[in-house]
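J.: Below is a structure I'd like to ask you about.
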Amino acid sequence: MDSTDVIVVGGGLIGCLAARELRADGLSVRIVDRSLVGREASYHAAGMLAPQSEAEEDSPMFRIALQSARLFPGLAEDLYNEVGIDVRFRSEGTFHVAFEDAELENFQELVARQHAVGLTAEIIGPELARREEPALSEEIIGVLSFPEDHQIDNRRLMEAVVASCKKRKVDVVEQAPARELIRDQAGRVCGVSTTAGEFAAGTVVMAAGCWSSLVKGFDVPVEPVKGQILLLELMVPPFRRVLRSADAYLVARLDGRVLIGATMERVGYDKTVSAQAVGALLESARQMVPSLTAAFGGEAWAGLRPATPDGMPAIGWLDEGLMSATGHFRNGILLAPITAQMVADQLSGRPPHPDLPAFDPRRFRGSSQVD
Ligand code: GLY
């Protein structure tokens, strides 16, 4: 059996970034992917880097999300220097809009919570908000501004990370769905069996998102949660910041494409797009930005987020020879850099991240419930 120090199962952003870090540590690495690298959840995401606007409370998850968000400017620069791809990290911030008094009241609570942990967030009135983002609807009554919640072009990011992996001589095996973990006589994981053959390794890192659960021998429960996204095209981008409401989020790319996301559906591995969901996304988007009525073109797709029973990622040793790096749910892009560092730190013998125990993948053993 062909052998490397590490096999990463799953060539999404987390798997590829982990592989890239591990190569920097001098380990030989092979990625095995069920289809083409970077063509599942990492491709179907919108690229929001939103630890503050997605967070509910101070927690290990919140802390690693903030730390990971702060890694992006350096990562973008490193990738540009290494492979010449601009991943379009944009630091214009996020507006969460309110249409009702109850939402504004909730914003005040959110602002207080963010200030309590030293973060920037402020409520601004509708006139000022529209001066900043003229495309916003006249119906908004206020905005919660997160000037440090940013965005990145996740497809360009993925392209750059794959190019970096290839440059660093990570071996990439595509169209090779992993079927089963291989164990030695002592029960230690020592490889993976795929439809393209068996591969041996000192350590297997499972980073296959919601497909991780389909690999025999991997016992972290990860359920797919479908997110449908609608993409519209305009001649010029109608706004700069990420815009969100209670019902949808909008991300405008520099070339005038606007992504509108996303549904949350627990329907298994189904990636079909429905007219009903697309219609609802369009309606929510037009409520925030009425000029989207003038958009043309369009495309819709669905991605599958990997959800664990408690909604938090499963990162760390699961068994001897087996590390988990999956279950990132709504935050796969955001948490990819810190997850890659956590994986590499453990495999290369550096001190573990202090919040790592909160993500222990063994916490689900004895429980099969998915909320
Ligand atoms: N992070 C946004 C989403 O999962 O839809």
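The values are calculated or read from the model by the stated rules, or taken from the named source; none is laboratory data. Treat the numbers as computed from the prediction; the structure is a model and nothing was measured. Cβ sites come from the backbone with ideal geometry, for glycine too, and all protein chains shown count toward neighbours. All accessible areas refer to the heavy atoms of the entire protein, side chains included, with ligands and DNA or RNA removed. Shrake-Rupley method; radii C 1.70, N 1.55, O 1.52, S 1.80 Å.
J.: Being within 21 Å of the chain's Cα centre (by Cα), touching a residue at least 12 places away in the same chain (Cβ under 8 Å), within 16 Å of V29 (Cα to Cα) and part of a strand (DSSP E or B) narrows it down to one of V251, V205, so name that one. First the steps, then the outcome.
T.: Working: V251 fails: within 16 Å of V29 (Cα to Cα).
Checking each option against the conditions leaves just V205.
J.: Condition first: closer than 16 Å to G11 by Cβ, assigned to a loop (DSSP other than H, G, I, E, B) and in contact with a Gly (Cβ under 9 Å, 6 or more places away or on another chain). Now tell me which residues in segment 171-192 satisfy that.
T.: Once the filter is applied, which keeps residues that are closer than 16 Å to G11 by Cβ, assigned to a loop (DSSP other than H, G, I, E, B) and in contact with a Gly (Cβ under 9 Å, 6 or more places away or on another chain), segment 171-192 yields E174, A176.
J.: Moving on. Answer yes if at least one residue in segment 335-348 is modelled with pLDDT of 95 or more, of a type in the set (G, A, S) and closer than 30 Å to G256 by Cβ, and no otherwise.
T.: yes
J.: Look at A336 and say whether it is under 18 Å from the mean Cα position of the chain (by Cα), in contact (Cβ under 8 Å) with a residue 24 or more places away in the chain, open to solvent by less than 10 Å² (accessible area, probe 1.4 Å) and within 16 Å of the ligand (Cβ to nearest atom).
T.: So A336 passes the test.
J.: Hey, another quick one. May I ask you to verify whether V225 is more than 27 Å from S91 (Cβ to Cβ), of a type in the set (A, V, I, L, M, F, W, C) and open to solvent by 30 Å² or more (accessible area, probe 1.4 Å)?
T.: Considered against the rule, which asks whether it is more than 27 Å from S91 (Cβ to Cβ), of a type in the set (A, V, I, L, M, F, W, C) and open to solvent by 30 Å² or more (accessible area, probe 1.4 Å), V225 comes out as no.
J.: From the list G298, G311, which residue is of a type in the set (G, A, S), outside any loop (DSSP other than H, G, I, E, B) and touching a residue at least 12 places away in the same chain (Cβ under 8 Å)?
T.: None of the other options fit; the residue is G298.
J.: Now, a different point. Taking the stated definitions as given, is M323 within 16 Å of the ligand (Cβ to nearest atom) and within 16 Å of P361 (Cα to Cα)?
T.: no
J.: Also, I was wondering about something else. Any residue in segment 102-117 that's free of Cβ contacts under 8 Å to residues at least 24 places away in the same chain: show its pairings with residues that are open to solvent by less than 40 Å² (accessible area, probe 1.4 Å) at Cβ separation under 8 Å, as long as the two are six or more apart or on different chains.
T.: H115/A121
J.: Can you name the residue in segment 208-248 that is in a strand (DSSP E or B) and acidic (D, E) and is also modelled with the highest pLDDT among such residues? Explain how you work it out, then say what you get.
T.: So in segment 208-248, the residues in a strand (DSSP E or B) come out as 216, 223-233, 242-244.
Narrowing further to those that are acidic (D, E): 223, 233.
Values: E223: 98, E233: 95.
By that ranking, first place goes to E223.
J.: Inside segment 114-131, can you point out the residues that are closer than 22 Å to A69 by Cβ and buried (at least 17 other Cβ atoms within 10 Å of the Cβ)? Explain how you work it out, then say what you get.
T.: From segment 114-131, those closer than 22 Å to A69 by Cβ are 114-124; that's our starting set.
Q114, L119, A121, listed by residue number.
J.: Could I ask something else about it? In segment 258-280, what residues are open to solvent by 70 Å² or more (accessible area, probe 1.4 Å) and farther than 21 Å from A208 by Cα?
T.: A275, Q276
J.: Among residues belonging to segment 62-76 that are open to solvent by 30 Å² or more (accessible area, probe 1.4 Å) and either assigned to a helix (DSSP H, G or I) or not basic (K, R) (or both), point out the one that is farthest from the ligand (Cβ to nearest atom).
T.: Out of the qualifying residues, it is G74.
J.: Would you call R305 open to solvent by 10 Å² or more (accessible area, probe 1.4 Å), within 11 Å of the ligand (Cβ to nearest atom) and assigned to a strand (DSSP E or B)? Talk me through it step by step, then tell me what you get.
T.: Values: open to solvent by 10 Å² or more (accessible area, probe 1.4 Å): yes; within 11 Å of the ligand (Cβ to nearest atom): yes; assigned to a strand (DSSP E or B): yes.
Answer is yes for this residue.
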